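See below for the structure under consideration.
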Amino acid sequence: MLVTLFVTSLLGAAAAAAAAAQSSPQVDKDVTAKFDDRTGLPTLGSTVGIYQGLQFKNFDVVLESLPVVNGQVTGVTPQSKANAAGFGTVTSTLQGPSSLLAQYPGSTTNSFDLNAFFFGCILNGLNTEATTPISCDVIVRGFRGARRVATSKFEFKATPPVQPMKKVTLNSRFERVDRVTFELDAGALTVFLADNFQYTLHQT
């Protein structure tokens, strides 16, 4: 009798778990984050925050207006006009690394695949005339919980005075991560700009 009750209990628990799984199926959603529906500034200071299923921590919405200096257009053109997401080396020093986070209060995203993005670097403050493209490296790291599972380094070679962003594609190790960090390897007056982040959300 006890054995029968035990087996019945196990079957009931299994059925409940299956029902719960069916009531909350996983949904995969492909996203391209362009930031063009947000209000950007020609300088750092307008936080991206939660956007398109992820938290863009320590990223700002940047209006890259391509100023004219001495009669010459200068800067890095966003992949989709007119906004990009950006951070500076000073931001990283004061606030920590800029990151994409799947998990934040109210999030329905369990993990994500970071597939690709476009990026470039410019010199000095975004609200000054010194916005010429500058060479830089960005180190991208993917995490599952506290464990780092992926690292890639990408180089941007500047060809002033004006230049399009460079597309980079991430490998399969950046699949099903819950956090991706960006570390800028460049001079103290460098600003990193990125656009059209392409990723797949895994949500419930």
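Checking the structure you have, find out if any residue of region 177-187 is crowded, with 20+ Cβ neighbours inside 10 Å, outside any loop (DSSP other than H, G, I, E, B), modelled with pLDDT under 95 and not hydroxyl-bearing (Ser, Thr, Tyr). The answer is yes; a qualifying residue exists. Here Pro160 fulfils each of the conditions (1) in contact with a helix residue (DSSP H, G or I) (Cβ under 6 Å, 6 or more places away or on another chain); (2) in a loop (DSSP other than H, G, I, E, B) apart from (1). For beta carbons closer than 7 Å, sequence separation of 6+ or different chains, a first residue in region 139-155 that is in contact (Cβ under 8 Å) with a residue 40 or more places away in the chain and a second that is among the basic types (Lys, Arg), the qualifying pairs are Ile139/Lys153; Arg141/Arg148.
For Pro161, the criteria (1) over 21 Å from Asn58 (Cβ atoms); (2) at pLDDT 95 or above hold in every case but one, which is (2). Contact annotation: residue pairs with Cβ atoms under 7 Å, 6 or more positions apart or on different chains, pairing a residue in region 60-89 that is under 17 Å from Phe118 (Cα atoms) and among the hydroxyl-bearing types (Ser, Thr, Tyr) with a partner that is outside any strand (DSSP E or B) and at pLDDT 85 or above, are Thr77/Met165; Ser80/Lys34; Ser80/Asp36.
The values are calculated or read from the model by the stated rules, or taken from the named source; none is laboratory data. Just so it is clear, the structure is predicted and the values come from calculations on it, not from any experiment. All Cβ positions, even for glycine, are placed from backbone atoms using ideal geometry, and neighbour counts span all protein chains on display.
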